[in-house]
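The values are calculated or read from the model by the stated rules, or taken from the named source; none is laboratory data. Computed from a prediction, not measured in an experiment: that's the story for all the values here. Neighbour counts are summed over all protein chains in view; Cβ atoms, including those assigned to glycine, are modelled from backbone coordinates with ideal geometry. Accessible surface is based on the protein model in full, side chains and every heavy atom, while ligands, DNA and RNA are left aside. Shrake-Rupley method; radii C 1.70, N 1.55, O 1.52, S 1.80 Å.
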Number of protein chains: 4
Amino acid sequence: MPRNSLKHHLYVIIFGTHTRAGRIFDIALIIAIISSLVVLVLESIPSIGPKWASVLRYFEYSFTLLFTLEYILRLYCSPKPKAYAKSFYGVVDLLAILPTYLAFFFPSASFMGVIRLLRVMRIFRILKLVRYLQDSNILLRSLLMARRKIFIFFSTVAILVTIFGALIYVIEGPEHGFTSIPQSIYWAIVTITTVGYGDLVPKTPFGQAIASMTMLLGYSILAVPTGIITAELNQEMNSHRQLVKCPNCSKSGHEADATFCKHCGSELADPDQRVVPVDETQNAP
Amino acid sequence: MPRNSLKHHLYVIIFGTHTRAGRIFDIALIIAIISSLVVLVLESIPSIGPKWASVLRYFEYSFTLLFTLEYILRLYCSPKPKAYAKSFYGVVDLLAILPTYLAFFFPSASFMGVIRLLRVMRIFRILKLVRYLQDSNILLRSLLMARRKIFIFFSTVAILVTIFGALIYVIEGPEHGFTSIPQSIYWAIVTITTVGYGDLVPKTPFGQAIASMTMLLGYSILAVPTGIITAELNQEMNSHRQLVKCPNCSKSGHEADATFCKHCGSELADPDQRVVPVDETQNAP
Amino acid sequence: MPRNSLKHHLYVIIFGTHTRAGRIFDIALIIAIISSLVVLVLESIPSIGPKWASVLRYFEYSFTLLFTLEYILRLYCSPKPKAYAKSFYGVVDLLAILPTYLAFFFPSASFMGVIRLLRVMRIFRILKLVRYLQDSNILLRSLLMARRKIFIFFSTVAILVTIFGALIYVIEGPEHGFTSIPQSIYWAIVTITTVGYGDLVPKTPFGQAIASMTMLLGYSILAVPTGIITAELNQEMNSHRQLVKCPNCSKSGHEADATFCKHCGSELADPDQRVVPVDETQNAP
Amino acid sequence: MPRNSLKHHLYVIIFGTHTRAGRIFDIALIIAIISSLVVLVLESIPSIGPKWASVLRYFEYSFTLLFTLEYILRLYCSPKPKAYAKSFYGVVDLLAILPTYLAFFFPSASFMGVIRLLRVMRIFRILKLVRYLQDSNILLRSLLMARRKIFIFFSTVAILVTIFGALIYVIEGPEHGFTSIPQSIYWAIVTITTVGYGDLVPKTPFGQAIASMTMLLGYSILAVPTGIITAELNQEMNSHRQLVKCPNCSKSGHEADATFCKHCGSELADPDQRVVPVDETQNAP
């Protein structure tokens, strides 16, 4: 791709984040996304939706046209349009505009309008490209490192919830609202996560004893995922500090917000630039 | 036991997990267990259970026969059948098939059907034999190391719950639903675990003050088990990293997901094989 | 105090925990305390209390006599009876027997019976003297080290709860159940601790927005006490490991459950004896 | 400013905390603030407010006069009165007295009285100037260091809440109380934070499945902020221990509550004086 072509200029503005034009594009896009979400939400409020229907529809059509234009430009300037269209964010971009067209041609499909709320996910793409990349990566790597422990934890919760749900179903029975095992498992989840809606409550003393055990268990196993994440995060942050090296004396171990080397005093690289934004190439290389 | 006998071949398939046949057996077993659980759950749903009763019963009988066959094979090929039958999983295996036979001969005992939900525990055995062994062990060792602190924590919670339950019983009394001390202790547990069903709520200002104290206490002591688990997990993970040694340079301290030694670059042992699965011999040696 | 007097023998049995007789005394006392608690709880249940009133009263009188005898013996054999009577546990011991005598002479004071539930605190004394001393001390020291941070945390919660309570009082008002500022502060505590009874709920959109903010705030500041306790516990456990020294090679850093020195292999002191039980002298020196 | 002028004396008493007069002033101020808050709260209680209206109003006027006098003195003795009036606490001080005057001249503006509850924030200023400064700073720095991770966490929660709110709106619909998307997002926040009022609950099996997912998600992502705060706090506390240096041997690494150097035994600086109260100059230099 020639460096001075229109295509390349567009690519730098739309996919890049390091130029001034790129940043203005990103901010404008975030404003457009949030505005279109506000329109969607207003549409659903009984006292506003029907009254302002025509105005809101006009706004919705404008935003859809805008996002359609943006989608076409992304397809046009991306060096690998197919890869972009198939990528996660490519699909989200398409799903963000499709329902409006479908509702236009098939008015009965208007309930699909909620899919447009997926637009909220587009904000993620913009955020992660800019400055929060590094911290986001630390969080993600911690979760990835802990994925096995988290899987074991959720299997344990699933089994506990099945057993306690079945127990309460046998003890309390349909006359107290526990009409089926799935319903009782739903109660067990509501209880073990300490949400406690109160739409299903045990009435017999023995049922209340089982419920108390479920609560205390839920209350204490909440400590396990926290322990897992914290321990991983601790290790991840420690190993991360080792990665940043002073360009002058090559010593590592600098605080995350340090701008000068604590050994020789020479300036360190900008925290936002220290790690190469690996995901950028992934979206549209 | 001769290495080429049918008995030994069966043993490797049923109890082992390292051969291809053993893995296929495990996956087939997990599918069968989950399917039989789905049948059980469907049976309990008022709009499905009675309508499809005969079909569901047919499936239930098939699964019970299958699990009976498996149980007999386990007894046959295990080198110490008695030890297997008395072991935790041996009892679970038996409890998973017994209720169906009992319900067949004594139809009034059908409520025992829920015991069949214990089948869910059989999934644990398979899971722990395969790849999640190591992380599961770290979690278990952390909990074991912290058992005294956890015991102290639960004694404190039990005493707090008794005192606050008695206080609210005296202040609110039967006219606001606190009909007995066990009922009031149940309320205290619902409150201190932050579940908060709302079936029992204090109505007097003084009762609400006591409830507020209970909540704030519950809210803050939740920090204690988390702190305990995290601190133990931190130490366990650190000491674990010391266990894995490079076969070439014998240096330890490798990350949990490292595949190469960070000192000399030679390949490390497969993480899943690093620790000998100690529990395997325990079930059926 | 002469070492062979009856007084000294009694002292060793009642206050000590290292002799066989002392341990049997402790276990018998725990059983008596728990039994007397069960009697108290049974008394409060409407379907049991009135029916078995005379039997339960008989048991209550027996336990009270027993505890009275124990209290007199403690006063008799303690080297400093006055110090014992004024100590925390001396007062608890007296409060555990007084209400029964008061109810006997002034029948109208029967509601004071609940004070007898303080007997539950006597279990603490016995527990802490025996084996859980060390871990209990680590937990207590962590809480003491963190007391300033915990105080700041609770002041912040108190101020937040006042502000959000006042806000919801102005927005929702008496017509939605928020009849006064204390009532609204009670709502804010129920919400910020994520208990959520549901007896008071915001009905207006703006009230729900304020409630959402309160929830998200409560949800995230829960992280602060956990962080404080974990960080302190981590440091406490690390410094504790440094305290235990091998009697042979004098090296420290042993795991909490180690029985042999990991450097030279010689046996370490019994974990339960490693730290001098400082509280024993405090109760009755 | 001459060191012996009345202005300087007042400045030391009102803004300073190191002299005896300054401490007495601070304690008197805290008592006055809390008393005026109690008056405000009593005013709002239906059974007390109207009955004691005149007495409470008299107290309110007294406190307002007192705080007005204090505000004028602060303006008078501050070396930079304008900077003080524009500072955060200057505005809070003004807001604490203004509503009473407004309600006096415009009786209809009495609902603004709740703004007076902002007086509660004045307690913060006094607290932070005295002894809790250091620990408060550690907590604040940890939160500041973690601000990016916390921002990512809250963005994720906001997006999840929007998606799950929209899902439940489509599935349950207005007939089960989910009348609009904002209402449904409110439900999602109530559920994901595990508050669970129970004013809005899913009734259909599919809605309950979505609710279960929301709960389990909320239950487990609660681990993320805790992990972040703990890891930062851990690092902050470690680096803080390095800051305190022995005035004799210049070695660092002392425990937070140490009063003597652990290397040479010479006395360390008083923990409360170790760090210069940086905020003091900020308020009124």
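Here are a few things to note about the model shown:
- Surface listing: B:Met213, C:Met121 arranged by accessible area from highest to lowest gives B:Met213, C:Met121, probe 1.4 Å.
- Compared with the direct C-alpha span, the chain from A:Tyr61 to A:Leu94 gains 10.4 nm at full extension, assuming 0.36 nm per residue.
- Listed residues A:Tyr197, C:Tyr58, C:Tyr76, D:Tyr71 arranged by accessible area, highest first, probe 1.4 Å: C:Tyr58, C:Tyr76, D:Tyr71, A:Tyr197
- In this assembly of identical copies, the label point of A:Ile159 (Cα plus 7 Å along Cα-to-Cβ) is separated from its counterparts by 3.4, 3.4, 4.8 nm, sorted shortest first.
- Counting Cβ atoms of other protein chains within 10 Å of each residue's Cβ and taking the mean over peptide B:168-178 gives 1.
- Estimated distance in nm for a label pair at B:Tyr76 and C:Phe151, the labels positioned 7 Å out from Cα along Cα-to-Cβ: 7.4 nm
- Estimated inter-spin distance, D:Leu6 and B:Glu175, nm [label 7 Å along Cα→Cβ]: 6.1 nm
- Buried surface for the D/A pair, taken as the accessible area of each chain alone minus that of the pair with a 1.4 Å probe, is close to 4200 Å² in total.
- Those residues of region D:69-104 whose amide nitrogen sits under 18 Å from the label point placed on D:Ser54, 7 Å along Cα→Cβ: none
- For region B:6-132, size of Cβ-based charge dipole, Lys and Arg +1, Asp and Glu -1, in debye: 460 debye
- Relative contact order for region A:146-223, counting Cα pairs under 8 Å that sit 6 or more residues apart, in percent: 29 percent
- As a size descriptor, the averaged projected area of the C-alpha convex hull of region C:20-61 was calculated at 3.0 nm².
- D:Phe206-C:Phe104 pseudo-label distance in nm [points 7 Å out on the Cα-to-Cβ vector]: 7.0 nm
- Dimensions (Å) - region D:6-132, Cα atoms, principal axes, largest first: 45, 27, 24
- When the C-alpha to C-alpha distance is required to be over 25 Å, the pairs from A:Lys203/B:Lys203; A:Lys51/C:Lys203; D:Lys82/D:Lys149; C:Lys7/C:Lys82; A:Lys149/C:Lys149 that qualify are D:Lys82/D:Lys149; A:Lys149/C:Lys149.
- Per-q log10 I(q)/I(0), region C:146-223, q = 0.11, 0.14, 0.24 Å⁻¹ (Debye; single scatterer per alpha-carbon; no solvent): -0.26, -0.42, -1.08
- Look at the dipole of region C:6-132 built from charges on Cβ: of C:Phe15, C:Ser54, C:Ala32, the Cα furthest out on the positive end belongs to C:Phe15.
- The solvent-accessible area of B:Phe206, taken with every protein chain present and a 1.4 Å probe, is close to 130 Å².
- Measuring how big region B:67-107 is from its alpha-carbon positions, Rg and Dmax come out at 11.2, 37 Å.
- Computed with a 1.4 Å probe on the full set of protein chains, the accessible area for A:Phe105 sits at about 140 Å².
- Largest accessible area first, the listed residues C:Val39, D:Val170 line up as D:Val170, C:Val39 when surface is computed with a 1.4 Å probe on the assembled protein chains.
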